[in-house]
Amino acid sequence: MAYCSEDDLLKMVPLSELAELTAESGEVPDSLIINEAISKADAEIDSYLGVRYIVPLVSPPAQVKALSVDLALYHLYSRRSVAPPVRQQKFDAAVAFLKQVGAGQAVIVGSGGEPPTAAKEVADAGSACRVFSRNTLADW
């Protein structure tokens, strides 16, 4: 399941601009290229979130959807080598935030205020100090 859709991209850019970025004729957006960009963005998101959460997220919060839109649009613009500065800034900000989440410095919050299903944490195992060792049994 994708974190965003073609309709989400159309909320950020006009139909004609999306068609110019995806279709060779520039009249109708090419859904295959759009889905490729969304898949690439989602894979990028999963690579960062996979450190802290179980991915893919079953019910992605709006924050993840927004990140997916920004990354997908950047990939579409970079396909034509015409990424405007605002798209570059949004891409850089999204990647920086995802790096912070992966490092544990930020969290993704679900719609109810709780984080999405977190990955299992590994507990550190410890033991008591050795009672019997080569030095303590030397006199026996």
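What follows draws every value from the coordinates through simple rules; no lab data is involved. A quick note: this is a predicted structure, and the numbers were derived from the prediction, not measured. Because the Cβ atoms are built from the backbone with ideal geometry, glycine has one as well, and the counts that use them run over all protein chains shown.
Could you state the angle between the C-alpha long axis of helix 85-103 and the longest principal axis of the C-alpha atoms of the chain, as a value from 0 to 90 degrees rounded to the nearest 10?
With rounding to tens, the tilt is 20 degrees.
Which value at 222 nm does the chain reach when only helices count, each DSSP H run of 4 or more adding -39,500 (n - 2.57), with the total divided by all residues and rounded to the nearest 500 deg cm²/dmol?
Taken over the chain, the calculation gives -16000 deg cm²/dmol.
Hey, got a sec? Which trypsin sites (Lys or Arg not before Pro) in segment 10-60 land in a DSSP loop and have at most 14 other Cβ atoms within 10 Å?
Values: sites: Lys11, Lys40, Arg52; in loops: Lys11, Arg52.
Taking segment 10-60 and a limit of 14 other Cβ atoms within 10 Å, the loop trypsin sites (Lys or Arg not before Pro) found are Lys11.
What are the residues whose amide H is under 5 Å from the amide H of Ala23, where those residues sit 5 or more places off or on another chain and H is modelled from the backbone?
For Ala23, whose amide H was placed from the backbone, the distant partners under 5 Å are Asp30.
Considering all projection directions equally, how large on average is the shadow of the alpha-carbon convex hull of segment 6-103, in square nanometres? Write out the running numbers ahead of the final one.
Numbers: hull surface 24.1 nm².
If I average the Cα hull's projected area over directions, I get 6.0 nm².
Identify the GluC sites (Glu not before Pro) of segment 1-36 meeting these criteria: DSSP loop state and at most 13 other C-beta atoms within 10 Å of the C-beta. List each step's numbers first, then the result.
Details: sites: Glu6, Glu17, Glu20, Glu24, Glu27, Glu36; in loops: Glu24, Glu27.
When the GluC sites (Glu not before Pro) of segment 1-36 are filtered for loop state and at most 13 Cβ neighbours within 10 Å, Glu24, Glu27 remain.
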